[in-house]
Ligand code: GDP
């Protein structure tokens, strides 16, 4: 995903090789190159601005350290800034004091919500929880069956619309699913919701209605890392229309330019909790800013 950005950053550091110390001119030239590389990787402009300002500031006030040459000094600073914009230390999923914990998934159609529900179900089960997946995406044909299939693969129960469970009404399905989890002592409920291909008022309203009905402990905004610059508008629209407490980045295994992944924390102020890195249920991990930063600077 970050191949081009990695190459560009590495090339800009190489230019500092052979320098005895970091001069102002070197810092300016390197920061300009970093700025161009980030913009070309589709990182959102405000994030690029604060990133480069911080790198410049840190580089100028960096103590001259005998142990590091100028290139190493800059790499260390850029690494620290990357970890910062990616969100620093990952936080855990918030668990409700009184189970079940309700986790709602929101995002555009195709972002990877249904797949994520299966992944999260498997991950939660492995953590010793008893999850229930709730099929409240009644928009996309097959979404319910797809959730049942991933639920089966993950060994996790699925609550689907049936007479009495709110056929045709996603809010009723969500409500009855959470009630079922309460009755049967499931510890975590993952509510899959409908997305549309683009931002859509009706979809937002439906997600907001589900949110109001189930009062989630976590609302996770699911963002396809391949969508580039649209990520910022999409994230802002969901922040306004539904609100969310955390982000899951999907398709990080893809070969897009990666700007969405680097921008989302800075733009929304919300932490990235998980990363989806493939189509298999096991292609899923907690999001680690430091690991991603090292991958970029590798
Ligand atoms: P939804 O509409 O948000 O529920 O999205 P889906 O879960 O149906 O996912 C849309 C497509 O993206 C499916 O073909 C998934 O297999 C695929 N997908 C989901 N997550 C990932 C991922 O992390 N990497 C890759 N390569 N594909 C993914």
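In the range 117-168, how many are part of a loop (DSSP other than H, G, I, E, B), away from the ligand (no atom under 16 Å from the Cβ) and in contact with a strand residue (DSSP E or B) (Cβ under 6 Å, 6 or more places away or on another chain)?
Qualifying residue count for the region: 1.
Answer with yes or no whether residue 166 is more than 16 Å from the chain's Cα centre (by Cα), farther than 22 Å from residue 1 by Cβ, buried (at least 16 other Cβ atoms within 10 Å of the Cβ) and in contact (Cβ under 8 Å) with a residue 40 or more places away in the chain.
Answer is no for this residue.
Pick out the one residue from 43, 55 that is assigned to a loop (DSSP other than H, G, I, E, B), closer than 27 Å to residue 233 by Cβ and touching a residue at least 24 places away in the same chain (Cβ under 8 Å). First the steps, then the outcome.
Values: 55 fails: assigned to a loop (DSSP other than H, G, I, E, B).
Exactly one of 43, 55 is assigned to a loop (DSSP other than H, G, I, E, B), closer than 27 Å to residue 233 by Cβ and touching a residue at least 24 places away in the same chain (Cβ under 8 Å), namely 43.
Looking at (1) within 13 Å of the ligand (Cβ to nearest atom); (2) in contact with a strand residue (DSSP E or B) (Cβ under 7 Å, 6 or more places away or on another chain); (3) in a loop (DSSP other than H, G, I, E, B), find the lone condition where residue 114 falls short.
(3)
If you go through the range 63-111, how many residues are part of a loop (DSSP other than H, G, I, E, B), within 19 Å of residue 10 (Cα to Cα) and out of contact with any helix residue (DSSP H, G or I) (no Cβ under 7 Å at 6 or more places or on another chain)?
Within the range 63-111, residues that are part of a loop (DSSP other than H, G, I, E, B), within 19 Å of residue 10 (Cα to Cα) and out of contact with any helix residue (DSSP H, G or I) (no Cβ under 7 Å at 6 or more places or on another chain) number 1.
FYI, it's all coordinate maths here, none of it is from the lab. In this text the structure is predicted, and so the values were computed from the model without any measurement. FYI the Cβ positions are ideal-geometry reconstructions off the backbone, even for glycines, and counts take in every protein chain you see.
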